[in-house]
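The structure appears right after this line, and notes come after that.
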Amino acid sequence: MVLMLVAAPLVGRCLPRGRWQHSIWWSVAAFTAAIWVWHMPVPYEATFASTPIYWSMHLTLFGSAIWLWRDLLNHRSDETLTVISTGLFACVQMGLLGAVLTFSAHPWFAWYATTTQPWGLTQLQDQQLGGVIMWVPSGVIFLAAASRSFLLMHNWLERPAMQ
């Protein structure tokens, strides 16, 4: 989560969008697919059995997050409403996955059956904590990005007219 919600926005903010302008929905779709695929039990468990799969997970999650944050943080003023709506969609889908993990009645990931006890947590409590971390901080960070976009649009609208 630190990579997707702290490092990726910092890296994405520093990357120019370039000449090829795509719809921001492509970056949201890539981010959404990466989040949901890698948080399903079978692909997630596969990351513990294979180093290439493990690194594929991290590269696709971090890469899609950088792409998304680049588009959310580097946009023209006339794209603000589209950027805010796509950011809201990304936030809602990530929060939905966090809520599903948080309110699940059973653990999804067998791998953690033996690793959570030293922390004083059951396997389900560990999953629920992960879900809350995915759900709440992501909402705050996406809200901050949307607020920034609104502020930039406001400043653009309030700028003095050229004489």
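The values are calculated or read from the model by the stated rules, or taken from the named source; none is laboratory data. These numbers were taken from a predicted model, which means no experiment stands behind them. Using ideal geometry, Cβ is built from the backbone for each residue, glycine included, and neighbour counts are taken over all protein chains shown.
Some values worked out for this structure:
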item	result
Flag if Val140 is under 21 Å from the mean Cα position of the chain (by Cα) and without any contact (Cβ under 8 Å) to a residue 40 or more places away in the chain	yes
In the stretch 77-124, the residues that are within 21 Å of the chain's Cα centre (by Cα), farther than 23 Å from Ala30 by Cα and not hydrophobic (A, V, I, L, M, F, W, C)	Thr102, Ser104
For Phe31: the one exception among (1) in a helix (DSSP H, G or I); (2) surrounded by fewer than 19 Cβ atoms within 10 Å (Cβ to Cβ); (3) at pLDDT 90 or above	(2)
The listed residue being out of contact with any Phe, Trp or Tyr (no Cβ under 6 Å at 6 or more places or on another chain) and outside any helix (DSSP H, G or I), out of Pro43, Pro16	Pro16
First in the stretch 55-66 and under 14 Å from Leu15 (Cα atoms), second anywhere and at pLDDT below 95 and outside any helix (DSSP H, G or I), Cβ under 9 Å, 6 or more apart	Ile66/Leu15
